[in-house]
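I have placed the structure first, in the form of C-alpha cells, so that the comments after it can refer back to it.
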Number of protein chains: 2
Amino acid sequence: MSKEKFGIAIHGGAGTILRSKMTAEKEQAYRSALEIALDAGYAVLAKGGTSLAAVECAVIKLENCPLFNAGRGSVFNAKGEHEMDASIMDGKTLHAGAVAAVRNFKNPITLAHKVLLHSDHVLLMGEGAMEFAKPYALDMESDEYFHVDHRYAQWQKIKGSDSFQLDHAKEDKKYLGTVGAVALDMDGNLAAATSTGGMTNKKFGRIGDSPLIGLGNYANNKTCAVSCTGSGEYIMRGVTAYDISCLMEYKGLSLDEAANESVMKRLLDLGGDGGVIAIDAQGNISMPFNCDGMYRGMRNQERREVSIYG
Amino acid sequence: MSKEKFGIAIHGGAGTILRSKMTAEKEQAYRSALEIALDAGYAVLAKGGTSLAAVECAVIKLENCPLFNAGRGSVFNAKGEHEMDASIMDGKTLHAGAVAAVRNFKNPITLAHKVLLHSDHVLLMGEGAMEFAKPYALDMESDEYFHVDHRYAQWQKIKGSDSFQLDHAKEDKKYLGTVGAVALDMDGNLAAATSTGGMTNKKFGRIGDSPLIGLGNYANNKTCAVSCTGSGEYIMRGVTAYDISCLMEYKGLSLDEAANESVMKRLLDLGGDGGVIAIDAQGNISMPFNCDGMYRGMRNQERREVSIYG
C-alpha cells in the first residue's frame, strides 16, 4: 500500500431505478453528471487537496445539477418550498458540521462546511442556520432557481394528500434522492459529505438521516468514511454510517464486509431500502445497495467507473 | 437471572456539580425530585407496565420539576425563548420518536412518544412538530410557566454575548442540563428517553445530541438502553449512545465495560464532558460520568439509590 493512495466515491441516490423505465438519453445525462462530479472531486485529490475539499467539491457539482434531489434539484415539501439538509465530517479530527431545513442556499454542503470550520456546534437548523451564515456571504438563489419541472410534477401528484416520498406503498420510491461523496486524500485523511432536498410533500419539519452525524454521514481515519442514501427513517434507526465504522473497529471486519453487513442485512432486517458509498484508510471502496439501483461512481489511480443498476 | 427482573435508572444532568457550592437545602431538593421521578417510573414497571411507559413517566416528573433543564426548568435561548428537544426509543422494535426546537409543550417527551407511535418519521422539528401534535391535544403551557428565576438569571449574565452554556472557558459548565431515563420491564424490553431545554443563550437553531437517535439516546433489546448528558457536540461526534451498544454487540464487552470505555475514554479523548445512564437486558445498570457530578438514581428489586457527586 502506497502512502499516496487516494480516491473518491460519490452517489446520487438509490431506489427503484429500473432499466426498463430509463431512456438512453436520460441515462446518458445521469452518467455525465456523475462523471463531472467524480472528476471534479478527483482533481482536488490529485492536486494534493484535502479529502474535505474533494467531497465538498463533488457534492457541489451534484447540488448544481437539477437531476439529483439536493441543491437545485431539491424536491418540493408540502408547502411547495425547498428545505435542504447537508452534513460533512472530517475523519482526522472528527469535527463535523451540518444543517437541517435550510432554504435558498445554492450549496447547502458549503454551509455545512462553514459550520464545521467556524461554529462550536455541529448541527444548526432553519432560520438560525441562515443567521449563522450571514458573515460568510454564501451564494443564495431565489425560489425560481430551485423550481425544476419534474420535481414540481412529482409534488403535484401527491400535493394535499398525506403521502410523501419513501411511502412504501407508493411507486414514488423510485425517486429516493440524496447525494454524497467520500474520499481519501494523499495524507491519509478521510472525509464524508451528504446533501439532500428531503422528501416530496414532506410535512411537520421532518429531519431525515442526511444531516445527522453517525446516521447518514460519518468519517473516521481509524476506520472509514460513509455517506448513506435511502429510506432515511430506517437508516436513522439502524445508525447505519457509524454501524459500518463499528463493525470494522470492534468486530475487525473489512470495509466491504462491514458495509455489506450493515446495508444488505441489518438495514434490510429493519425493513429499510438504500445504499451507501464507503472508503477506508487504505483506499478500498465499497458501494452496496439493497434496492434496484444507485447512481454512483468511484475513481482512484487505477479505476474510474460510473454505474446505475445492480 | 429471573425473567421478571426489571429496573430503571434516571439522570438530571452532569457537569461541575461541586459539594462545596451546594447547600443542604438545595441538595435535599434535588434528591427529592430524583426520588419522585425514580419511584414513579419504578411503579410503572412493578405493575407490569412497559419500559416505554416507565421512561416516559419518569421523564415527565423531571420535566415538571423546575430544578432540571428540561420541560418547565428549560433554559433561555438567545431570544429569551424556551426551545426544547426530546427523544424516546423502543428497544424491542427499534422504533423511535424525537422532536427538536419545540415550544410550549408541557412535556416534550410525550410529544416524542406520539411521534414514535403515530408518525412514519423519527425526528420532527419546530413548528412542523407543533402541527403534527394538533390531533393529540397535548398539554401546552404559556411562556410564563417556563420562566424560572434561576434560569433567567443565568441568561441575563451572558445575554447579548457570544457565550453559551458548555463554553469550556466559562463556569457556566456547571449548568449542564438534560434529563433522561432508561428501563428494563418484566417482559425483557428496554427503552430510553431523553429531554432537554438545550443551552442558555443558544443561537442559530442549534440542535444537540438529546433528540438524536444513536447519539444522545438509544435502546436495543439485544444490548442496552442509554441516555446521555453533557457537552452535546462531543457526544454527537462520539455517537456515544450507539457506541456503547456496539461495544457490547461487536466487541463482547459487558454493559459496565462498554459504558466506561465510551464515556471515560472515548468521550474524554474527544475533549467532551458528560455521563450516561445505561441498563442492559439482564437488568445491570451502569452510570459512569467523567465530570464532577451527575444527578442520578437507580432502582430495581434489590436497590434504590439516588446520588449526585462522584
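For a quick check of your reading of the model, give me the residue pairs whose first member lies in region B:148-167 and is among the hydroxyl-bearing types (S, T, Y), whose second is at pLDDT below 80, with beta-carbon atoms closer than 8 Å and at least 6 apart or on different chains. From residues that are among the hydroxyl-bearing types (S, T, Y), the pairs are B:S163/B:K170; B:S163/B:D172.
Output the residues belonging to region A:76-119 that are of a type outside the set (S, T, N, Q) and out of contact with any strand residue (DSSP E or B) (no Cβ under 9 Å at 6 or more places or on another chain).
Passing the criteria: A:F76, A:A78, A:K79, A:G80, A:E81, A:H82.
If only residues of region B:129-157 that are among the aromatic types (F, W, Y) and away from chain A (no Cβ under 11 Å) are counted, the one that is most open to solvent (accessible area, probe 1.4 Å) is B:Y152. Filtered by the rule that a residue be part of a strand (DSSP E or B), buried (at least 22 other Cβ atoms within 10 Å of the Cβ) and over 16 Å from the mean Cα position of the chain (by Cα), region B:282-305 gives a lone residue, B:R299.
Close Cβ contacts (under 6 Å, 6 or more residues apart or on different chains) running from residues in region A:59-78 that are at negative phi and of a type in the set (F, W, Y) to residues that are at pLDDT 95 or above and open to solvent by less than 10 Å² (accessible area, probe 1.4 Å) comprise A:F68/A:G12; A:F68/A:L62; A:F68/A:V179. Checked against (1) open to solvent by 60 Å² or more (accessible area, probe 1.4 Å); (2) part of a strand (DSSP E or B), A:I279 passes all but a single condition, namely (1).
Evaluate region B:38-57: report whether one residue or more is assigned to a helix (DSSP H, G or I), among the aromatic types (F, W, Y) and within 21 Å of B:H150 (Cα to Cα). Checked against the condition, which is being assigned to a helix (DSSP H, G or I), among the aromatic types (F, W, Y) and within 21 Å of B:H150 (Cα to Cα), region B:38-57 yields no hits at all. The set of residues in region A:242-278 being among the polar types (S, T, N, Q) and within 23 Å of A:P211 (Cβ to Cβ) consists of A:S245, A:S262. In region A:79-128, the residue that is farthest from A:A191 (Cα to Cα) out of those that are in contact with a Lys or Arg (Cβ under 8 Å, 6 or more places away or on another chain), part of a loop (DSSP other than H, G, I, E, B) and within 9 Å of chain B (Cβ to nearest Cβ) is A:H121.
A quick yes/no check of all residues on (1) of a type in the set (S, T, N, Q); (2) open to solvent by less than 30 Å² (accessible area, probe 1.4 Å); (3) closer than 28 Å to A:W155 by Cα:
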site	(1), (2), (3)
A:T50	yes, no, no
A:A54	no, yes, no
A:A58	no, yes, yes
A:A70	no, yes, yes
A:G80	no, yes, yes
A:A86	no, yes, yes
A:T93	yes, no, no
A:A96	no, yes, no
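Here A:R72 clears all of (1) over 13 Å from the mean Cα position of the chain (by Cα); (2) assigned to a loop (DSSP other than H, G, I, E, B) except the condition numbered (2). Name every residue in region B:148-182 that is under 16 Å from B:N64 (Cβ atoms) and modelled with pLDDT of 85 or more, in order of residue number. Answer for region B:148-182, where residues must be under 16 Å from B:N64 (Cβ atoms) and modelled with pLDDT of 85 or more: B:T178, B:V179, B:G180, B:A181.
Residues that are part of a strand (DSSP E or B), more than 11 Å from chain B (Cβ to nearest Cβ) and within 15 Å of the chain's Cα centre (by Cα) occur in region A:196-209; there is at least one.
Of all residues in region A:1-37, those being outside any helix (DSSP H, G or I) and in contact (Cβ under 8 Å) with a residue 12 or more places away in the chain number 18.
For A:G272, the criteria (1) more than 10 Å from every other protein chain (Cβ to nearest Cβ); (2) outside any loop (DSSP other than H, G, I, E, B) hold in every case but one, which is (2). Looking at A:L215, A:L267, A:L247, just one residue is more than 9 Å from every other protein chain (Cβ to nearest Cβ) and either open to solvent by less than 10 Å² (accessible area, probe 1.4 Å) or assigned to a helix (DSSP H, G or I) (or both), and that residue is A:L267. Apart from one condition, A:S307 fits all of (1) more than 14 Å from chain B (Cβ to nearest Cβ); (2) touching a residue at least 24 places away in the same chain (Cβ under 8 Å); (3) polar (S, T, N, Q); the exception is (2). Please work out if A:M264 is of a type outside the set (F, W, Y), modelled with pLDDT of 95 or more and under 30 Å from B:P135 (Cα atoms). Considered against the rule, which asks whether it is of a type outside the set (F, W, Y), modelled with pLDDT of 95 or more and under 30 Å from B:P135 (Cα atoms), A:M264 comes out as no.
Remark: pairs (first residue in region B:223-252, over 18 Å from B:S286 (Cα atoms); second residue of a type in the set (K, R) and not in a helix (DSSP H, G or I); Cβ separation under 6 Å; 6+ apart in sequence or on different chains) = B:Y250/A:K251. Going through (1) in contact with an Asp or Glu (Cβ under 8 Å, 6 or more places away or on another chain); (2) within 20 Å of A:G198 (Cβ to Cβ); (3) assigned to a helix (DSSP H, G or I) one by one, A:R237 falls short only on (1).
The values are calculated or read from the model by the stated rules, or taken from the named source; none is laboratory data. A quick note: this is a predicted structure, and the numbers were derived from the prediction, not measured. Please note: Cβ atoms are built from the backbone with ideal geometry, for glycine as well, and neighbour counts cover all protein chains shown. Keep in mind that these areas ignore ligands, DNA and RNA; they rest on the heavy atoms of the full protein, side chains included. Shrake-Rupley method; radii C 1.70, N 1.55, O 1.52, S 1.80 Å.
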